[in-house]
Each structure stands twice: as structure tokens, then as C-alpha cells.
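Taking it in order: structure first as C-alpha cells, then the write-up.
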Amino acid sequence: MTAVEVSYTEDGPADAPVVVLSNSLGATRGMWDPQVPALAERYRVVTYDTRGHGESPAPAGPYTVDDLVDDVLALLDRLRVRRAHVAGLSLGGMTAMRLAAREPERVGRLALLCTSARPEPQGFLDRAVQARSGGTAPLAPAIVSRWLTPAYAAQHPDLVARLEAMIAGADDEGYAGCCEAVGHFDAREDLARITAPTLVVSGAEDPALPPPHQQLIADGIAGASLLSVSPGAHLPNLEQPLEVTGALLGHLDAAGGHA
């Protein structure tokens, strides 16, 4: 499949090392809003909407995670960026993981948040069927209930509404295609090939991709470090923004000002 021209935003100094942030299944690049200002003080931050999400095109499927990697490579080429740090959460983490295994020369440092090298397939394949038959909006409340811990969600109804609107705004077919990409993803044999220095972040209370998924990744990538965030569900970057942003900065800054 041909790469699509994804919609993206750039923040920070044009001559700084580049950091690409890849969104989770159902979210848009707006999920990274808490991280962007701090990162943009010293990095050229590129956020984008995965195909089928937000303002990006939703070509006819099926999709694979390799297709999503191709989209990122095409974006980097459009921006004339040879090498970038890459951080991704959930589906974004799968994209980042596969990118680092497939194109090691393009990735500086890697951050994998609340993701999996081998998700349990059936739930995602079932969700693809539901999105095609009834649209994404009816799925939104149940999905967002896994993104934040119940206590945090209860205290932040505006955020819950915003996240549900992200899911409802996804293209039904594009979202279904991305669900299938997750359902068919298996990067367990890729882990040993990843050479980028890697930070793995786990939400201690994540019901969507619980901590054993991140432990497997950290165990499989040589030298990887693992951070557990609590309380934190599937999007701990929203619930614990200071801790997650600080961890990302610490990891990226260790590169010494280059990607």
C-alpha cells in the first residue's frame, strides 16, 4: 500500500533534534498536548494523526503496522529529517517499535508507552467489526474508560468528553483498519533487533495493555529501561503528565543534543 500524507504539527526550534510523537488507537495528535510545550523548549517536536484518525486520510484497508511505519518514513522524508527520536503510545508504540526494528538508522532514541509486542488479537478484530457496523461513537465510552483510572476520569469530565470526541471523530473504516493492524501485530521477534536506546513506560492500572506486555518488551530489547506509572491507566501521559514528560526528557536528553 502507498504511504499516505498524514496531517502533522511542528513545534519548537527548526534546527533542534527531531522528536516524533505517535498517537494511540482512537486518539489524535492532541493526546500529546501536555508533553509538547516542555519538549518543544529543546526539540523540534512533530506530532501527527495516524491514518484513519483526526485530520489524516483514511484510505481503504486492510492496513498493517508496516503501512503505518511507511507513513512515518514518508513524513520524515517530507520534512527532510534523516534521523529522529520516536515516542509512541499503544498503536503508536507498535509503529515506533516496528520502525526501530526495520529502519534502525532512522531512529535515535525510542520511547514505548503502554504498548505491546503481541496484543491479544480477538478483541481488536471484534472492535473492527463493531466500528464498521455501528461507527466509532458507540465504542467511545468503553474505550475511554480504559484510558484513565476511574478516580481521575470522575474528576476530569471535560477531558473524558474530549477523548470520547476524538474516538467518535475517527473515520469508521480507518479506525477499523487500524484495529485490524493491531490484531495482526506480532513484533516479538523484532525486539532483539532494536538497537535504539529504549525507555518503556507502563501504566500500573492499565486494563487495555497491562504491565506484563511492557515487561516483555523491556526484557526483549537490550538495555531497555522500564518505568511504571501509578496511578495510571492506558494514557498515563494525561493522568501523570509531569512524571511522563520528565521521563521522556530525561531519556531524550541523554542523547546529548542530537538524534
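Kindly indicate the residue of the stretch 221-245 that is free of Cβ contacts under 8 Å to residues at least 24 places away in the same chain and in a helix (DSSP H, G or I) and also surrounded by the most Cβ atoms within 10 Å (Cβ to Cβ) among those meeting that condition. Selected residue: 243. If residue 160 meets every condition in (1) touching a residue at least 24 places away in the same chain (Cβ under 8 Å); (2) more than 18 Å from residue 91 (Cβ to Cβ); (3) touching a helix residue (DSSP H, G or I) at 6+ places or on another chain (Cβ under 8 Å); (4) surrounded by fewer than 21 Cβ atoms within 10 Å (Cβ to Cβ) apart from one, which number is that one? All conditions pass for residue 160, except number (1).
Every residue, every condition in (1) open to solvent by less than 10 Å² (accessible area, probe 1.4 Å); (2) under 15 Å from the mean Cα position of the chain (by Cα); (3) under 24 Å from residue 244 (Cβ atoms); (4) modelled with pLDDT under 95, yes or no:
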{"position": "39", "(1), (2), (3), (4)": "yes, no, yes, no"}
{"position": "44", "(1), (2), (3), (4)": "no, no, yes, no"}
{"position": "55", "(1), (2), (3), (4)": "no, no, no, no"}
{"position": "58", "(1), (2), (3), (4)": "no, no, no, no"}
{"position": "61", "(1), (2), (3), (4)": "no, no, no, yes"}
{"position": "71", "(1), (2), (3), (4)": "yes, yes, no, no"}
{"position": "80", "(1), (2), (3), (4)": "no, no, no, no"}
{"position": "85", "(1), (2), (3), (4)": "yes, yes, yes, no"}
{"position": "92", "(1), (2), (3), (4)": "yes, yes, yes, no"}
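Determine whether the stretch 247-259 contains at least one residue that is closer than 18 Å to residue 32 by Cα and either of a type in the set (Ser, Thr, Tyr) or in contact with a helix residue (DSSP H, G or I) (Cβ under 6 Å, 6 or more places away or on another chain) (or both). Looking for residues that are closer than 18 Å to residue 32 by Cα and either of a type in the set (Ser, Thr, Tyr) or in contact with a helix residue (DSSP H, G or I) (Cβ under 6 Å, 6 or more places away or on another chain) (or both), one finds none in the stretch 247-259, hence no. Screening the stretch 100-145 for residues that are aliphatic (A, V, I, L, M) and touching a strand residue (DSSP E or B) at 6+ places or on another chain (Cβ under 6 Å) and picking the one that is nearest to residue 68 (Cα to Cα) gives 100. Reported count of residues in the stretch 1-24, each being open to solvent by 10 Å² or more (accessible area, probe 1.4 Å) and either part of a loop (DSSP other than H, G, I, E, B) or of a type in the set (Phe, Trp, Tyr) (or both), is 13.
Tallying residues that are of a type in the set (D, E, K, R) and either at positive phi or surrounded by fewer than 20 Cβ atoms within 10 Å (Cβ to Cβ) (or both) within the stretch 206-220 yields 1.
Yes/no matrix, rows are residues, columns are (1) in contact (Cβ under 8 Å) with a residue 60 or more places away in the chain; (2) small (Gly, Ala, Ser); (3) open to solvent by 50 Å² or more (accessible area, probe 1.4 Å); (4) closer than 24 Å to residue 202 by Cα:
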residue	(1), (2), (3), (4)
107	yes, no, no, yes
110	yes, no, no, yes
114	yes, no, no, yes
118	yes, no, yes, yes
126	no, no, yes, no
136	yes, no, no, no
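Of the candidates 122, 130, the single residue that is of a type in the set (S, T, N, Q), at pLDDT 95 or above, open to solvent by 20 Å² or more (accessible area, probe 1.4 Å) and under 21 Å from residue 51 (Cβ atoms) is 130. Scanning the stretch 182-200 for residues that are open to solvent by less than 10 Å² (accessible area, probe 1.4 Å), hydroxyl-bearing (Ser, Thr, Tyr) and either part of a loop (DSSP other than H, G, I, E, B) or free of Cβ contacts under 8 Å to residues at least 12 places away in the same chain (or both) yields a total of 0.
The values are calculated or read from the model by the stated rules, or taken from the named source; none is laboratory data. This is a predicted model, so every value here is computed, not measured. Don't worry about glycine lacking a Cβ; one is built from the backbone with ideal geometry, like all the others, and counts go over all protein chains shown. Each accessible area value is taken on the protein alone, full model and side chains, heavy atoms only, with ligands, DNA and RNA left out. Shrake-Rupley method; radii C 1.70, N 1.55, O 1.52, S 1.80 Å.
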